[in-house]
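First up is the structure itself, then whatever we jot down about it.
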Amino acid sequence: MTLYPALVVCEHCDSVYRKHDLDHDEVARCGRCRAVLYRASRLDIDHLLALTLTAAIVFVIANVSPVIRITVGGMHNEANLLQAISALSQGSALIVGLVAAATLFLVPLLQIVLLGWVLLFARAGRRAPGFGFAMRVLHHIRPWSMTEVFLLGVLVAIVKLSGMLNVIAGPGTYATVVLTVLVTVIAKRDVRILWGRLSGDTDVEWGT
Amino acid sequence: MTALAPRAHELGIVGCHTCGSACSADLPRCPRCGSPLHRRKPDSLARTWAFLIAALILYIPSNVLPVMYTSMLGRGEASTILHGVVEFWKSGSWDIALLIFIASVAVPSTKFLVLGTLLVTVQRRSTWARQQRARLYRFVELIGYWSMLDVVVVALVSALVQFHLLGTAEPRLGIVFFGLVVVLTMCAAMSFDPRLIWDDADGSE
Ligand SMILES: [Zn+2]
Ligand SMILES: [Zn+2]
């Protein structure tokens, strides 16, 4: 036997446990290092897919509508997320502009698209084409998703500018609030159990 | 004391980093997801040191150099991160000042101290306060990316204040160094293998 589906290995200290069924909202913790081993999985695929599709719509709104609008002496100006990223990418600051583009735009977009793709097929109990690739990418990009940091940045920028200008939060800010909640909810669910649930027992898949 | 669970190497098992499966230790790749299997992250200590030291070096220019240049109504100034904190404090927004201070100064400093401590104690194969050190590591992983806050603020202000005659704002080199510090400290935290905290002097690594 090469795979032990009944066992769970703690990612933080390598302790091995036998999996138990958990009650609602129960969390299994490692006895050695106290890290979370796994949570009660009430992964409702329909529910998660609906949230992901909503996130996709909100993502578009959050990116095209202005997050902040300022007025001074009869002139006004507004900016959305993409304009902020391009303003940051001027001249020597290009590298940090690329970092911002990746963490605030590209990674959340990939999360929504890949999760939507995988779930769309998971509804029918099937593995999507490129399932393994999508799941591995989802796992690796997760730490680089920073929508909530953008939201806090909007708040700070509003306070910073309100000292000298007339500042109002635009529709993009409200969309970002919703997006932050949705991305947190869908990314927090451990979709890794899909590996087991859709694997078809001993079906071996070697990636892309 | 209650008996602790056996560890993976004692059972000839390796946990897959990507999909979490428990696999036989003799396999090169995970049978479920195809990712390469490692008992420990490869070259964990050397990589973590490298990222951490690089971050520490860049942390100096990121604090000394201005992160943004603003000119409002003919009055232009280049401000550093700490300068921004002081400005908020003076204008009465002590809560925002505190927020930026935590994200831009306290979080990176904490990461340097915690990761440095973890590296040194692991290299000495210390058994001191293992559970606390394991918690510290998870804490550092959790808070790390909030440091990106200042980058977002500079981006937004630069995009908004573009009134040519009345005023402009643009990013300066300091924010590049600062952004790189955040990325490098995140890479350092990801390169560190927390399982090393629990490896004994006699146990196989
Ligand atoms: Zn553990
Ligand atoms: Zn795997």
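So what's Rg/Rh here for the protein assembly as shown, counting alpha carbon atoms and using the Kirkwood radius for Rh? Don't skip to the answer; put the middle values down first.
Working: Rg = 23.3 Å, Rh = 23.1 Å.
Value, to two decimals: 1.01.
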*Radius of gyration, Dmax [region A:57-152; alpha carbons; angstrom]*: 17.0, 60
_Once each part is reduced to its C-alpha centroid, what is the distance from region B:142-194 to region A:150-188 in angstrom?_
16
*When the Debye formula is applied to the Cα atoms of chain A, each taken as the same point scatterer, what base-10 log of I(q)/I(0) results at q = 0.08, 0.14, 0.15 Å⁻¹?*
-0.38, -0.94, -1.02
*In angstroms, what radius of gyration and Dmax does region B:42-198 have, counting Cα atoms only?*
18.2, 63
*Peptide B:8-21 - average C-beta neighbours from other chains (10 Å radius)*: 6
*Ranked highest first by average number of other Cβ atoms within 10 Å, how do B:34-46, A:80-92, B:186-198 line up?*
B:186-198, A:80-92, B:34-46
*What lysines sit close enough to residue B:111 to cross-link, taking a C-alpha to C-alpha distance under 24 Å and skipping anything fewer than 8 places away on the same chain?*
A:188, B:41
*By residue number, which cysteines of the protein assembly as shown lack any other Cys whose Cβ falls under 4.7 Å from their Cβ?*
B:23, B:187
*Assuming a viscosity of 0.692 mPa s and a temperature of 37 °C, what translational diffusion coefficient in µm² per second does Stokes-Einstein assign to region B:115-205, Rh being the Kirkwood radius over Cα pairs?*
207
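Please give the average number of partner chain Cβ atoms lying within 10 Å of the Cβ of each residue in B:169-181, rounded to a whole number.
Working: counts 2, 5, 10, 3, 4, 2, 7, 9, 2, 1, 9, 3, 0.
Per-residue shielding by partner chains comes out at 4.
Assign one of three labels to region A:1-40, namely rounded, prolate or oblate, based on the Cα gyration tensor with a ≥ b ≥ c the square roots of its eigenvalues; rounded applies when a/c is under 1.5, prolate when it is not and a/b is larger than b/c, and oblate otherwise.
Numbers: a/c = 2.70, a/b = 1.19, b/c = 2.27.
Note, shape of region A:1-40 comes out oblate.
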*Please work out whether region A:99-208 counts as rounded, prolate or oblate from its C-alpha gyration tensor, where a ≥ b ≥ c are the square roots of the eigenvalues and a/c under 1.5 means rounded, while otherwise a/b larger than b/c means prolate and anything else oblate?*
prolate
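Under the 0.36 nm per residue contour assumption, what length would be gained going from the current alpha-carbon distance of residue B:24 and residue B:139 to full extension?
Working: separation 115, 0.36 × 115 = 41.40 nm, distance 3.05 nm.
Full extension of this stretch gives 38.3 nm more.
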*Report, in deg cm²/dmol and to the nearest 500, the calculated mean residue ellipticity at 222 nm for chain A, where each DSSP H run with n ≥ 4 adds -39500 (n - 2.57) and the sum is divided by the residue count.*
-15500 deg cm²/dmol
*asked:* Within region A:163-193, name every residue whose backbone N is under 16 Å away from a label modeled 7 Å from Cα of residue B:90 along the Cβ vector.
replied: A:163-164
*Work out the mean other chain Cβ neighbour count within 10 Å for the residues of B:72-85 and drop it here as an integer.*
1
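Here, each number is a calculation from the coordinates, and none is a lab measurement. None of these values were measured; they are calculated from a predicted model. With ideal geometry, Cβ positions are generated from the backbone for all residues, glycine too; neighbour counts draw on all protein chains shown.
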